[in-house]
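Before any comments, here is the structure.
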Amino acid sequence: MAIERMEMLNIIGHLSDMNFITRELVLLGCMHPVNALREINSNNFTISTTIKNMDALVDVNFIRPYRANQQEAELIQKTESLMDLFELDRNEVEWNPRWQREFNEWAEDIWDIYGKIEACQKEMEELKARQKRIDELIQYFEYIRSLDIPWHELKGMENFDFRIGLFSKENMAKLRTNYDNTPAIVYPVCTLPEGVVEISIVPKSLVPELDRIYQSLGYQPINIPENFQGTPREIIEELNKERTEINDKLQSCHTSIVKVKSEYADIIKQAYAESKILEKMQVLKNEAACSNEFFYMAGWVPVKAKKMIEEKLKSVEDRTMISYKQPEQVGQQLTPPTLLRNSLLLRPFEALVNMYGTPSYNELDPTSFVGLSYMLLFGAMFGDLGQGFLFLLAGVFLAKFKYRTNLGGVLARLGISSMIFGALYGSVFGFEHIIPALLVRPMENINTMLIAAVGLGVMLLSVSFVYSLINAVKRRDIEEGLLGKNGASGLLFFWTLLIIVLLYLQKGSLPLPLPAIIAILGALLLLMVVKQPVASLMMKKRPLHHQQVRDYYVEEGFGILETILSMLSNTISFVRVGAFALNHVGLFVAFETMSEMIQNAGGKILILILGNAVIIGLEGLIVFIQGLRLEYYELFGKYYNGSGIPYRPVEWKLPRKKRRRASAEA
Amino acid sequence: MNNVVRYAAVNTKIRALEGQFLSREDCLALLEKDSVQGIVQYLRQTHYRDAFEGMDAANLHRGQIEVCLKRYAVDKLVRLKHYFRGTHARFLKVLFMRYEIEDLKLLIRAIETDPGYIYTSNPFVYIGRYGDLDYDKLIASKSFVELVDNLRASPYYSSLVPFAESGKQSNHFLVEMALDLFYINMFISHLELLTEGERQKIQDIYGMKADLLNIQWIYRGKKFYNLSPEVLLNYSINFGKRLNKAFIKDLCYSASVNEIEDKLKDGVYGFLFDHEKTKDIFMERRIFRYLYYRLRDYKGKSSMDMVQTIVFFDLLEFEIRDIITIIENIRYHNEDLEQIKRCLIRGL
């Protein structure tokens, strides 16, 4: 239930070991890379001055960013194109962790296979290009299909030339207005959505003038330089014939490729996995720096992964420098990424937190609070044993069969919470009299429900104050933590006000004289107004105000108003929890009444099922959103910053289907 | 939806934005400045301060200031988008194409003359900041043909494709004309999205603009570039208010510039030829000033419709043009105040 501790891993190694080390790191999948040059420039990358490190020290002077190996990139691309060519499913890759062949070996395989089919592939490309041109030509000749003139006669005119092309509708209209000044016979042959295709016959001596006029009309000429015999209609027939021939040829090429495929598919599948690993290795390498002999790499790794890294890199230990640094030693500009670690019960709620923003490394992970409170809120609003069970089923289905682990997980947990509250409220599929209520029947205790909801809100708000305090302590932020509206003074103000109100309601009189109450609350408010100068005084910092003094006080003065209003509204806002619990019952009562009005038993059941469906779909969604709103707006606003960087290690995994099968076999 | 409900908010917003226009005193104060930096400093005290946020005033180059101002205008206009839904929002989208087209024109010129220019000076006001065009992909284009190919999914493709013949340098004049005409055609064809009343008003105002632009185009094309009547006619805008197609054709086929003048002198647009000496140099300014006052008139008359918004686009552009004119005059050491005033669209 916390944020995983990170350390900065620095590696300096010989360039010859680079492939081995990056491959291991990718397979471990635990390094979130940091640009090594940046790290070196910020002086974090330190090498102790010993004789052993002499070479590395001298070499540092020639440091530069690592340039990706062109050959590797080409290999990755070739493997991809082989996968395409053989129409292999990318989810069906084969990979054996023991199959650790050197890069050159499988590279040679790929080149070999590629060489075998290269000629065939080239032919196919040419055929496809020809096919494309034929399609174009057919399209063009379709435009002028109505023209009953042999093509070669058009082409062979002695004193005239012709143009076929497309005008937009607006421009065709323009051409028409000025037809009397156009030196050509214009004959529209075909209307398309984008304009009009026409053929223009023009005396050869007037071609330049016509072209000039046409150019200013956005004319799109259709160029057919090829020579054909016959009328457009006949040409189209010819072209179609050629098209079928090409299709046959393509088919035979395809057959020969399939033959090669059956022979080499396994190797390609394996090589494809390796090429994917290589691709990931390049991601790491691109962040690395290198000199003539060494490479330098930096990245964040979880502390608990350190041991595995050491184990995997044991074989190169003696000639590689591996060091770790605490985040505090690294410097301000490089913040560690955030990896959340939570118990199985709460893990899916990380998605809800990340949707708002990743917690920063130094912040308290709010997932546990979010998870518990969200379950509580949802259950309280949507308490139903039967409907909750359906949510549980839906959640499990999503998680197991649709691979939506987060959404499914959240849904399943909300379902369980809903079931628990259903038992407390005594509600099954909306029916209130099948099982006894263990705690309370919402509709019969409306006021209790509403007041309890506000009570729950006060509790949750207080917890979020505590979170805010802890975060402020972690940030060493006196201004907000001690004096701010979400800090200690805010909490004190909130509770003082609350206790006074409670006592007043209970006893009917104020616990303290009114001036004393005003003085206490006023003092707390004043503290919030002057938080910045006071904090500066305490920290011995100057200037006291970080902005113009007048502006500061105007802003903070209004801030007070906002504080009071928002405390009130935040608290009252939780009434909705009670209201939705009532609403849930009420909605079903409406459907139940409708079903009673129907005579037919089938109709009754249909209405009840429909009612349940509407409640689950519509109200479930609304309650889901309302709960989220309370979390994000009422609670997160108080204590959560969410400005962290998510931890994204460079890793490679088998496709999901494959992994499942592998684990099943194991 | 009721028009009052639909336009109350946006019209209030526009009023507020118009309140940010420079006052007469502001303009006079700007004219007094003797350095480009002085102008920027003064603008920083007005609502234009947003335009220079994060910029170092001392090192701003004239060109950069222009970009800042134009971006400022686009930023203001883009915000108006949020007030529109449905067909009107679609119409608004067409208005923004103008800025996209201006950026595209810059890019087309840069690709063939100075490919690094866009990278180094980043002069775009719209592309890459708003809209759907992929900035990185476009500026990575190595040739005009490649650029056109990268625009395949955009509405500009069909206008540009006739010029994209590989191995040939594109004729910038033709390409730019094609883009401009495309915009105008889009504008006209999308008027259908507006209500009958709005359409009529737009036809009224922009019909006038089309008339004036047609006259300028034909007059200049004949006088300075000796273009053929067919080309003049093909590039004229078919949206005129007072000058119909036949008259425009007649103008294009006039034997001389004098004949054009004679045909127009006694009409509404005769004012363009009133001053024999300055009719060429001030023709554009006269057109703009005429439109400026007409647009302001119109704004007063129209209330709950989209015309306010459309007119605001032009008024803002005119103001930016004036500021740029003042800066240019300072930069090129024109110290004659009266002469500068005469160059401004707005009468001082």
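The values are calculated or read from the model by the stated rules, or taken from the named source; none is laboratory data. Keep in mind it's a predicted model, so treat the numbers as computed, not measured. When we count neighbours, we look across all protein chains shown, and the Cβ atoms used for this are built from the backbone with ideal geometry, even at glycine. When the accessible area is computed, the model is the full protein with side chains, heavy atoms only, and any ligands, DNA or RNA have been set aside. Shrake-Rupley method; radii C 1.70, N 1.55, O 1.52, S 1.80 Å.
Given the criteria without any contact (Cβ under 8 Å) to a residue 60 or more places away in the chain, within 14 Å of chain A (Cβ to nearest Cβ) and under 22 Å from the mean Cα position of the chain (by Cα), does B:Tyr183 qualify?
no
Quick one: count up the residues across segment A:213-236 that are within 14 Å of chain B (Cβ to nearest Cβ), of a type in the set (Gly, Ala, Ser) and touching a residue at least 12 places away in the same chain (Cβ under 8 Å).
Selection size over segment A:213-236: 1.
Given the conditions (1) within 14 Å of another protein chain (Cβ to nearest Cβ); (2) modelled with pLDDT of 90 or more; (3) out of contact with any helix residue (DSSP H, G or I) (no Cβ under 8 Å at 6 or more places or on another chain), and given that A:Lys204 satisfies all but one, which numbered condition is not satisfied?
Condition (1) is where A:Lys204 drops out.
Just to be sure, is A:Leu239 within 14 Å of another protein chain (Cβ to nearest Cβ), modelled with pLDDT of 90 or more, surrounded by 14 or more Cβ atoms within 10 Å (Cβ to Cβ) and in a helix (DSSP H, G or I)?
No.
Could you figure out which of (1) touching a Leu at 6+ places or on another chain (Cβ under 8 Å); (2) over 29 Å from A:Glu108 (Cβ atoms); (3) away from chain B (no Cβ under 14 Å) isn't true of A:Tyr272?
(2)
Of the numbered conditions (1) open to solvent by 50 Å² or more (accessible area, probe 1.4 Å); (2) touching a residue at least 40 places away in the same chain (Cβ under 8 Å); (3) not aromatic (Phe, Trp, Tyr), B:His275 satisfies every one except a single condition; which is it?
Result: B:His275 fails condition (2) only.
Collect the residues in segment A:493-537 that are closer than 11 Å to A:Leu483 by Cβ and either in contact with a Cys (Cβ under 9 Å, 6 or more places away or on another chain) or part of a loop (DSSP other than H, G, I, E, B) (or both), keeping them in residue-number order.
A:Val530
It is to be established whether one or more residues within segment A:169-180 are more than 14 Å from every other protein chain (Cβ to nearest Cβ) and either at pLDDT 90 or above or part of a loop (DSSP other than H, G, I, E, B) (or both).
no
For residues that are within 13 Å of another protein chain (Cβ to nearest Cβ) and open to solvent by less than 50 Å² (accessible area, probe 1.4 Å), scanning just segment B:241-250, find the one that is nearest to A:Thr182 (Cα to Cα).
Once the filter is applied, the top-ranked residue is B:Lys249.
Just to be sure I understand, how many residues within segment B:218-239 are away from every other protein chain (no Cβ under 12 Å) and either over 17 Å from A:Thr177 (Cβ atoms) or touching a Phe, Trp or Tyr at 6+ places or on another chain (Cβ under 8 Å) (or both)?
Selection size over segment B:218-239: 7.
With respect to A:Ser468, determine if the residue is in a helix (DSSP H, G or I) and under 16 Å from A:Asn570 (Cβ atoms).
Here the answer is yes, as A:Ser468 does meet what is asked.
Within the set of pairs 6+ apart or on separate chains, which have a first residue in segment A:394-419 that is farther than 19 Å from A:Ser343 by Cβ, a second that is in a helix (DSSP H, G or I) and among the basic types (Lys, Arg), and C-beta atoms under 9 Å apart?
A:Tyr403/A:Arg656
Which residue, of A:Glu153, A:Glu158, A:Glu209, is within 14 Å of chain B (Cβ to nearest Cβ) and either open to solvent by 80 Å² or more (accessible area, probe 1.4 Å) or more than 53 Å from the chain's Cα centre (by Cα) (or both)?
Of A:Glu153, A:Glu158, A:Glu209, the one residue that is within 14 Å of chain B (Cβ to nearest Cβ) and either open to solvent by 80 Å² or more (accessible area, probe 1.4 Å) or more than 53 Å from the chain's Cα centre (by Cα) (or both) is A:Glu209.
Here is a list: B:Tyr235, B:Tyr292. Which entry is closer than 17 Å to B:Ile218 by Cβ and not hydrophobic (A, V, I, L, M, F, W, C)?
B:Tyr235
Residues checked against (1) touching a residue at least 12 places away in the same chain (Cβ under 8 Å); (2) within 22 Å of B:Asp305 (Cα to Cα); (3) within 10 Å of chain A (Cβ to nearest Cβ):
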{"site": "B:Val161", "(1), (2), (3)": "yes, no, yes"}
{"site": "B:Asn171", "(1), (2), (3)": "no, no, yes"}
{"site": "B:Leu174", "(1), (2), (3)": "no, no, yes"}
{"site": "B:Ala178", "(1), (2), (3)": "yes, no, yes"}
{"site": "B:Ser189", "(1), (2), (3)": "no, yes, yes"}
{"site": "B:Thr195", "(1), (2), (3)": "yes, yes, no"}
{"site": "B:Ile205", "(1), (2), (3)": "yes, yes, no"}
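Need pairs with beta-carbon distance below 7 Å; first residue under 12 Å from A:Pro65 (Cα atoms) and within segment A:285-306, second among the charged types (D, E, K, R) and not in a helix (DSSP H, G or I); sequence gap 6+ or separate chains.
Pairs found: A:Ala289/A:Arg64; A:Cys290/A:Arg64.
If we keep just the residues of segment A:378-430 that are of a type in the set (Lys, Arg) and part of a helix (DSSP H, G or I), which is nearest to A:Val575 (Cα to Cα)?
Only one residue fits best here, namely A:Arg413.
Among the numbered criteria (1) open to solvent by 70 Å² or more (accessible area, probe 1.4 Å); (2) closer than 30 Å to A:Tyr425 by Cα, which single criterion is violated by A:Asn570?
(1) is the only condition that A:Asn570 fails.
Restricting to segment A:182-201, give me the number of residues that are open to solvent by 20 Å² or more (accessible area, probe 1.4 Å), under 26 Å from B:Tyr157 (Cα atoms), within 14 Å of chain B (Cβ to nearest Cβ) and not aliphatic (A, V, I, L, M).
Summing the residues that are open to solvent by 20 Å² or more (accessible area, probe 1.4 Å), under 26 Å from B:Tyr157 (Cα atoms), within 14 Å of chain B (Cβ to nearest Cβ) and not aliphatic (A, V, I, L, M) in segment A:182-201 gives 2.
Pick from B:Asp314, B:Asp322: which is among the charged types (D, E, K, R), touching a Leu at 6+ places or on another chain (Cβ under 7 Å), under 25 Å from B:Phe96 (Cβ atoms) and free of Cβ contacts under 8 Å to residues at least 24 places away in the same chain?
Every option except B:Asp314 fails the conditions.
Inspect all residues belonging to segment A:210-222 and state whether any of them is modelled with pLDDT of 85 or more, among the acidic types (Asp, Glu) and in contact with a helix residue (DSSP H, G or I) (Cβ under 7 Å, 6 or more places away or on another chain).
Scanning segment A:210-222 turns up no residue that is modelled with pLDDT of 85 or more, among the acidic types (Asp, Glu) and in contact with a helix residue (DSSP H, G or I) (Cβ under 7 Å, 6 or more places away or on another chain).
Identify the single condition in (1) of a type in the set (Phe, Trp, Tyr); (2) open to solvent by less than 20 Å² (accessible area, probe 1.4 Å); (3) in a loop (DSSP other than H, G, I, E, B) that A:Tyr374 does not satisfy, given that it satisfies every other one.
Of (1) of a type in the set (Phe, Trp, Tyr); (2) open to solvent by less than 20 Å² (accessible area, probe 1.4 Å); (3) in a loop (DSSP other than H, G, I, E, B), only one is false for A:Tyr374: (3).
Which residues, counting only those in segment B:7-31, are open to solvent by less than 70 Å² (accessible area, probe 1.4 Å), farther than 25 Å from B:Asn329 by Cβ and not in a loop (DSSP other than H, G, I, E, B)?
B:Tyr7, B:Ala8, B:Ala9, B:Val10, B:Asn11, B:Lys13, B:Ile14, B:Ala16, B:Leu17, B:Glu18
Determine if segment A:122-142 includes at least one residue that is surrounded by 16 or more Cβ atoms within 10 Å (Cβ to Cβ) and within 30 Å of A:Glu279 (Cβ to Cβ).
Yes, segment A:122-142 has at least one match.
Kindly indicate which of B:Asp297, B:Asp305, B:Asp336 is under 30 Å from B:Arg199 (Cα atoms), more than 17 Å from the chain's Cα centre (by Cα) and without any contact (Cβ under 8 Å) to a residue 60 or more places away in the chain.
Exactly one residue qualifies, and that residue is B:Asp297.
A:Glu274: farther than 30 Å from A:Glu92 by Cβ, out of contact with any Asp or Glu (no Cβ under 7 Å at 6 or more places or on another chain) and acidic (Asp, Glu), yes or no?
no
Go through the residues of segment B:130-140 one by one and say whether even a single one is touching a residue at least 60 places away in the same chain (Cβ under 8 Å) and open to solvent by 40 Å² or more (accessible area, probe 1.4 Å).
There is no residue in segment B:130-140 that is touching a residue at least 60 places away in the same chain (Cβ under 8 Å) and open to solvent by 40 Å² or more (accessible area, probe 1.4 Å).
It is to be established whether one or more residues within segment B:169-190 are more than 28 Å from B:Arg285 (Cβ to Cβ), modelled with pLDDT under 90 and crowded, with 20+ Cβ neighbours inside 10 Å.
Yes, that holds for at least one residue.
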